[in-house]
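Asks: Just passing along the structure, written as structure tokens.
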Amino acid sequence: MLEIEIDGKTTEVADGSTVMDAAHKLGIFVPHFCYHKKLSIAANCRMCLVQVEKAPKPLPACATPVTNGMKVFTHSESAVKAQKGVMEFLLINHPLDCPICDQGGECQLQDLSVGYGQSASRYQEEKRVVVNKNLGPLIATDMTRCIHCTRCVRFTQEIAGWMELGQAFRGEHSEIMPFIEKTVDSELSGNVIDLCPVGALTSKPFRFAARTWELSRRKSVSPHDGLGANLIVQVKHDKVLRVLPLDNEHVNECWLSDKDRYSYEALNSDARLTKPMLKQCGEWREVDWQTALEFIGTDLKRVVRDHGAASVGALASPHATLEELYLLQKFVRGAGSDSIDCRLRQTDFSLDGKNVVPWLGMPVADIQQLDRVLVIGSFLRKDHPLLAQRLRQAAKKFTRVSLLHAADDDQLIALHAKSVVAPSALAAELAGIVKAATEAKGAAVDAALANVQPSVAARQIAESLVSGENAAIFLGNYAQQLAQSATLHALAQQLAAITGARFGYLGEAANSVGGYIAKAVPGAQGLNAARMLSEPRKAYFVLHAEPELDCANPHQAMAALKGADLVVAMTPFKTRAIDYAHVILPIAPFTETSGTFINTEGRVQSFNAVVKPLDETRPAWKVLRVLGNLLGLAGFEQDSSEAVRTEALGGKPEFVSERLNNRAEGPAIDLTAAVPALQRIADVPIYFADALVRRAPSLQKTRDAAPPAARMNAATLAKLGLNAGMQVKVSSGGTAILTAQLDDGLPDGCVRVAAGHELTAGLGALQGEITVERA
Amino acid sequence: MGTLGFILEAAEGERSWRLAEYVKRGGYDALKKIFSEKIPADQVVGELKKSSLRGRGGAGFPTGLKWSFMPRQFPGAKYVVCNSDEGEPGTFKDRDILRWNPHMVIEGMIIAGYAMGCQRGYNYIHGEIWDIYKRFEEALVEARAANLLGNNILGSDFSFELQAHHGYGAYICGEETALLESIEGKKGQPRFKPPFPASYGLYGKPTTINNTETFASVPYIINEGGDRFLELGKPNNGGTKLFSVSGHVNRPGNFEVPMGTPFKDLLEMAGGMRGGRKLKAVIPGGSSAPVLPADVIMECTLDYDSIAKAGSMLGSGAVIVMDETTCMVKALERLSYFYFEESCGQCTPCREGTGWLYRVVHRIEHGEGRPEDLDLLNSVTDNIMGRTICALGDAASMPVKSFIKHFGAEFEYHIQNKKCLVPEDVQRAGSGFFKVS
């Protein structure tokens, strides 16, 4: 520990600390621009110059290491003179166009210039003008305002993992720019807006929409991936205008992924459904709530009477709130059915009934302490942008991250080892890893693995896991969707036991864990999502989901829904429900209702509505409550969402980790997999993953939102007699016309066709056999 | 190696850059001596300390001391880097060393590698001197063929490989950490220090960077001993030094003279003032050194201490001589433009300040000066100096400050009368390019 005195106050800091760290500890503010707690030290803005005793000149607090007995003065004459001098330099070429700048009111340069700037400039020469850059649909630029702190550059390089911005040219001609003719395409790109201390980088969708002081700041939770990033939703006149991160070191740190940040645009879009709709005599009519709900009540009673309660099923999106899921299952079970599920893309349910409630298996923040990680079946960076970011940082230190997957997408993580095999071979490859690890440990090999021959990569991964002291194995979204997911689970569980690693799931959606806790999964008598569709029901309740995009077999889902007597679609949006539903109820998205998401580490995060429900939209928990009453069911007397939550959770826990469990007793390992001539790999691209992002206009303009193609490696293309760029007809269940695309990161005999998009909604199962021919 | 000017003067024979010629002059004797006498590394560094050799790149840091900072026991890669990125206006000595005597630099670097336990070296050569780069590469080929570079040099157990690296002409890459960034393939921008290169240098490994002339002085010190080298110059200022004399003299060029030689003598060696005109001012150490008026410089001897006492720096030994036909405002305008163009743009005071300085000086030169401009210039330089990551900010400020200090009257005349104190036609005549009208 080193002792330091700053402005007369003394403290002790750890070796290697900087003067800035010590100042933070003492609560002393040192003005700065380029310094950021999560980025490397650049020391280029020079704003944090302070006087250090015995130093001949002022030193930057951010980059000066503390030495024992150091005496620092942050407000002495010499320090302030230096700081004011720097401020003058920063302002001479700055346009001072605060009245028309979106950053005005939340600008570090503006704020600090009040304290350190002069009221008039001594600079009478011409000012610099810098041409703006096109950074894509999310980030607006006013590069003349740039003060060259390079926070954005360091962010893309260090946090996002790919240096998409840099400082070109020299001296006064320096410019921050992307690669020539390229945009910034990172899924974390929006963070550079928060980092920019001036108005050089601002939000494009938010541009000129409001002044920051007109906006209310309200806390919320992201409804997208399993992380549950904490949000500040900014609101004006009951309209969401912007979303910013709320610092939470345990969850999202100070970052947001772009979908957390920009999906709000869907809330204000024309795609919102604002009135209950009823289909009568083949015509859709806008009706009042009373009519719609009474229709449902009557019709449901009819279906139950005619076909029995078991003919009722409910499909819920895992992006729905805990309260909504809880009341939906209570409603369905009240009506006498046990068929409800929120695991719409899952195909292998053989772990049901084994007490498995999949979760991360550890706190999110502990990822950085892991020394070995194996991720199985995950489009990691696009499925879990901020969890991937944590792994990226960990991999830079001492963590060896390995990946077993069906596609070789660049995760921008320094991987220790990777194995990319066809989906049908994933289980066998994992079995190889298990066998190699077992052999390395000198333990007895499981009889089921007797014939397995570990590959070179498998041995490498096994060796890394065996040599670790704090390892973890995670099953990704893709692994959870596969037909062999229970086998993968069993193998991963065995591997964890052998290597002493922790074992967890990367939760697919904001409420994947919450769905289990709310019991929105079938009971012993009920049908799971797949069976509800393969064995069509007579009545369906669809909550927040778009079955044609969200289900494991869209083709089959549409057939089942279209054949039903009653389909009630509850959604905030005008969806394809008009093709199959009988009633469509406009329910509130996450910003217009209070609710709870339980993230993948079991953290219970509740939030309030940040705006009033749009038009006739109503929170789904209220709708379900009224429906329960209409059917005369017991237990629908809750008068607040908090009451629903308390009932669902049996109290007000902050975590439900103790109710979560990844360990199953002896799921069978079945390594026999059918190997079709050509098999589909279906990713769920980041901006097609849920109803909100699909309707966020700016996100839809990004490169990640490019329409799905039929991607194959060169060998597969050649074998099929195709060339990249050709129009091809893809068939599995249904058909789709797509463009063939070369993707050398795919295994032989595989076609990658993304799910979650209109273009591929007509296709059948997300995996298994598929055919491709020239269109 | 008997002559006084052992670097350049000794290398005046036909094809002096060839290995054979160098060996004839006693080249690589120092290296052989180290191997045959098994001189330990400590002793090599000790000899350097004794010699009072100070860094020839401009800062004048004692070389022996610098070498002793290298953590020789540090396991893994360590580097020795030669800074031949000679970009300072007025300086043109390193290119002549590499042109006529490249092997002396190579030998110096091998000895440095031996002394500091490095197995790899780089010579970063300025981007605008292609022929020199080529010649150095040829010298490396010769040295490798003669097992002077590579594994087990001359049968010893010491191995050392040396590469040349061609820069792209940016002045800032002469700053040692920017140079390292540039070798690493990154944009040439100085790093914040600490950590210093001795602990975190090239590719993050301990690295020592010296000037070309510094390395070229090493073989002599090993051959003749540190004491002998020190005796060449004067106490605390060992050896001889190359001075690049340019400007209004009859015979501009490089002159290798002992440290402590009176300026008067150097001026005489350079053929005296052109056209017999009167000396007005001298920048004694490259464009970033403060200018000294004639009466001050004529009393100086050429060594670090004397020049420093007079208020300037010996720097890289680039002596820019200006006679009475020089307009000091125009001269400063040109210098300020250089620093404005060459600032790397990384840190605020230099990026913004150099442009400000240039624009104000430009305005004064063009008859648009204002009475408050000189105070403004002084205040801006105060705000740049000592506030930047590297010394370029200081380098840009010192000419401004010293020109105003010594020739303030000329600036004031410009501001008041909107023209030069030295009439235009006199300036033209002095340039040597125009006839007197």
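The values are calculated or read from the model by the stated rules, or taken from the named source; none is laboratory data. Just so it is clear, the structure is predicted and the values come from calculations on it, not from any experiment. Glycine also receives a Cβ, built like all others from the backbone with ideal geometry; neighbour counts cover every protein chain displayed.
Asks: Mind listing just one residue for me: the one in segment A:545-586 that is closer than 20 Å to A:Glu323 by Cα and without any contact (Cβ under 8 Å) to a residue 60 or more places away in the chain and, of those, farthest from the chain's Cα centre (by Cα)?
Replies: Applying the filter and picking the extreme gives A:Ala569.
Asks: Kindly check whether there is at least one residue in segment A:688-699 that is touching a helix residue (DSSP H, G or I) at 6+ places or on another chain (Cβ under 9 Å), more than 28 Å from A:Thr571 (Cβ to Cβ) and at pLDDT 95 or above.
Replies: Taking every residue of segment A:688-699 in turn, none turns out to be touching a helix residue (DSSP H, G or I) at 6+ places or on another chain (Cβ under 9 Å), more than 28 Å from A:Thr571 (Cβ to Cβ) and at pLDDT 95 or above.
Asks: Right, another one. Scan segment A:177-185 and give yes if some residue there is buried (at least 20 other Cβ atoms within 10 Å of the Cβ), more than 14 Å from chain B (Cβ to nearest Cβ) and modelled with pLDDT of 95 or more, otherwise no.
Replies: Yes, the conditions are met somewhere in segment A:177-185.
Asks: Now for a different question. Checking A:Tyr326 against (1) closer than 30 Å to A:Gln411 by Cα; (2) outside any loop (DSSP other than H, G, I, E, B), only one condition comes out false. Which one?
Replies: (1)
Asks: Next question. So which of B:Leu392, B:Leu357, B:Leu376 ends up being within 11 Å of another protein chain (Cβ to nearest Cβ), surrounded by fewer than 24 Cβ atoms within 10 Å (Cβ to Cβ) and aliphatic (A, V, I, L, M)?
Replies: B:Leu376
Asks: Which of (1) in contact with a strand residue (DSSP E or B) (Cβ under 9 Å, 6 or more places away or on another chain); (2) surrounded by fewer than 23 Cβ atoms within 10 Å (Cβ to Cβ); (3) of a type in the set (Phe, Trp, Tyr); (4) touching a residue at least 40 places away in the same chain (Cβ under 8 Å) does B:Phe243 not meet, given it meets every other one?
Replies: It fails just one condition, (2).
Asks: Answer with yes or no whether B:Glu368 is surrounded by fewer than 19 Cβ atoms within 10 Å (Cβ to Cβ), under 20 Å from A:Arg122 (Cα atoms), more than 9 Å from chain A (Cβ to nearest Cβ) and touching a residue at least 40 places away in the same chain (Cβ under 8 Å).
Replies: yes
Asks: Name the single residue that is surrounded by the fewest Cβ atoms within 10 Å (Cβ to Cβ) among those in segment A:505-549 being acidic (Asp, Glu) and out of contact with any strand residue (DSSP E or B) (no Cβ under 8 Å at 6 or more places or on another chain).
Replies: Among those that are acidic (Asp, Glu) and out of contact with any strand residue (DSSP E or B) (no Cβ under 8 Å at 6 or more places or on another chain), it is A:Glu535.
Asks: Just need a number here: residues in segment A:122-135 that are modelled with pLDDT under 95 and among the polar types (S, T, N, Q).
Replies: 1
Asks: Across segment A:18-38, what is the number of residues that are within 14 Å of another protein chain (Cβ to nearest Cβ) and either out of contact with any His (no Cβ under 8 Å at 6 or more places or on another chain) or without any contact (Cβ under 8 Å) to a residue 40 or more places away in the chain (or both)?
Replies: The total comes to 7.
Asks: I've got another one for you. Under 8 Å by Cβ, and 6 or more places apart or on different chains, what pairs join a residue from segment A:76-102 that is more than 14 Å from chain B (Cβ to nearest Cβ) and farther than 17 Å from A:Ala140 by Cα with one that is crowded, with 19+ Cβ neighbours inside 10 Å and not hydrophobic (A, V, I, L, M, F, W, C)?
Replies: Between residues of segment A:76-102 that are more than 14 Å from chain B (Cβ to nearest Cβ) and farther than 17 Å from A:Ala140 by Cα and residues that are crowded, with 19+ Cβ neighbours inside 10 Å and not hydrophobic (A, V, I, L, M, F, W, C), the close pairs are A:Ser76/A:Gln51.
Asks: Among the candidates B:Lys49, B:Lys33, which residue alone is part of a helix (DSSP H, G or I), among the charged types (D, E, K, R), over 21 Å from B:Gly238 (Cα atoms) and touching a residue at least 40 places away in the same chain (Cβ under 8 Å)?
Replies: Answer to the check: B:Lys33.
Asks: When the residues of segment B:414-431 are filtered to those that are in contact with a helix residue (DSSP H, G or I) (Cβ under 9 Å, 6 or more places away or on another chain) and in a helix (DSSP H, G or I), which remaining residue is surrounded by the most Cβ atoms within 10 Å (Cβ to Cβ)?
Replies: B:His414
Asks: Within the set of pairs 6+ apart or on separate chains, which have a first residue in segment A:114-135 that is facing chain B (nearest Cβ under 8 Å), a second that is loosely packed, with under 13 Cβ neighbours inside 10 Å and at pLDDT 95 or above, and C-beta atoms under 9 Å apart?
Replies: A:Arg122/B:Glu372
Per-residue answers, yes or no, for (1) basic (Lys, Arg); (2) under 30 Å from A:Tyr264 (Cα atoms); (3) not in a loop (DSSP other than H, G, I, E, B):
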site: A:Gly651; (1), (2), (3): no, no, no
site: A:Ala664; (1), (2), (3): no, no, no
site: A:Ala668; (1), (2), (3): no, no, no
site: A:Thr672; (1), (2), (3): no, no, no
site: A:Arg680; (1), (2), (3): yes, no, yes
site: A:Asp683; (1), (2), (3): no, yes, no
site: A:Ala715; (1), (2), (3): no, no, yes
site: A:Thr739; (1), (2), (3): no, no, yes
site: A:Asp744; (1), (2), (3): no, no, no
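Asks: For segment A:745-758, how many residues meet the condition of being touching a Pro at 6+ places or on another chain (Cβ under 8 Å), farther than 17 Å from A:Met712 by Cβ and surrounded by fewer than 23 Cβ atoms within 10 Å (Cβ to Cβ)?
Replies: Final tally of qualifying residues: 1.
Asks: Can you tell which of B:Glu176, B:Glu161 is in contact with a strand residue (DSSP E or B) (Cβ under 6 Å, 6 or more places away or on another chain) and either aliphatic (A, V, I, L, M) or under 25 Å from B:Ile307 (Cβ atoms) (or both)?
Replies: B:Glu176
Asks: Further question: Condition first: part of a helix (DSSP H, G or I) and either at pLDDT below 95 or over 30 Å from A:Thr591 (Cβ atoms) (or both). Now tell me which residues in segment A:286-322 satisfy that.
Replies: Answer for segment A:286-322, where residues must be part of a helix (DSSP H, G or I) and either at pLDDT below 95 or over 30 Å from A:Thr591 (Cβ atoms) (or both): A:Thr298, A:Asp299, A:Lys301, A:Arg302, A:Val303, A:Val304, A:Arg305, A:Asp306, A:His307, A:Ala309, A:Ala310, A:Ser311.
Asks: Can you report the number of residues in segment A:300-322 which are touching a strand residue (DSSP E or B) at 6+ places or on another chain (Cβ under 9 Å) and either buried (at least 17 other Cβ atoms within 10 Å of the Cβ) or over 28 Å from A:Ala552 (Cβ atoms) (or both)?
Replies: Result for segment A:300-322: 15.
Asks: For segment A:692-717, what are the residues that are more than 22 Å from A:Gln767 (Cα to Cα) and aliphatic (A, V, I, L, M)?
Replies: Scanning segment A:692-717 gives A:Leu692, A:Val693, A:Ala696, A:Leu699.
Asks: If the requirement is being at pLDDT 95 or above, in a helix (DSSP H, G or I), surrounded by 23 or more Cβ atoms within 10 Å (Cβ to Cβ) and in contact with a Phe, Trp or Tyr (Cβ under 8 Å, 6 or more places away or on another chain), which of these qualifies: B:Phe411, B:Phe403?
Replies: B:Phe403
Asks: Looking for whichever is of a type in the set (Phe, Trp, Tyr), assigned to a helix (DSSP H, G or I) and under 23 Å from B:Arg18 (Cα atoms) here; the options are B:Tyr133, B:Tyr124. Which one fits?
Replies: B:Tyr133
Asks: Kindly provide the set of residues from segment B:196-234 that are over 23 Å from the mean Cα position of the chain (by Cα) and either without any contact (Cβ under 8 Å) to a residue 60 or more places away in the chain or farther than 18 Å from B:Leu162 by Cβ (or both), ordered by number.
Replies: Answer for segment B:196-234, where residues must be over 23 Å from the mean Cα position of the chain (by Cα) and either without any contact (Cβ under 8 Å) to a residue 60 or more places away in the chain or farther than 18 Å from B:Leu162 by Cβ (or both): B:Ser199, B:Tyr200, B:Gly204, B:Asn223, B:Glu224, B:Gly225, B:Asp227, B:Arg228.
Asks: Specify the residue that is farthest from the other protein chains (Cβ to nearest Cβ); the eligible residues are those in segment A:136-176 that are of a type in the set (Asp, Glu) and assigned to a helix (DSSP H, G or I).
Replies: The qualifying residue farthest from the other protein chains (Cβ to nearest Cβ) is A:Glu158.
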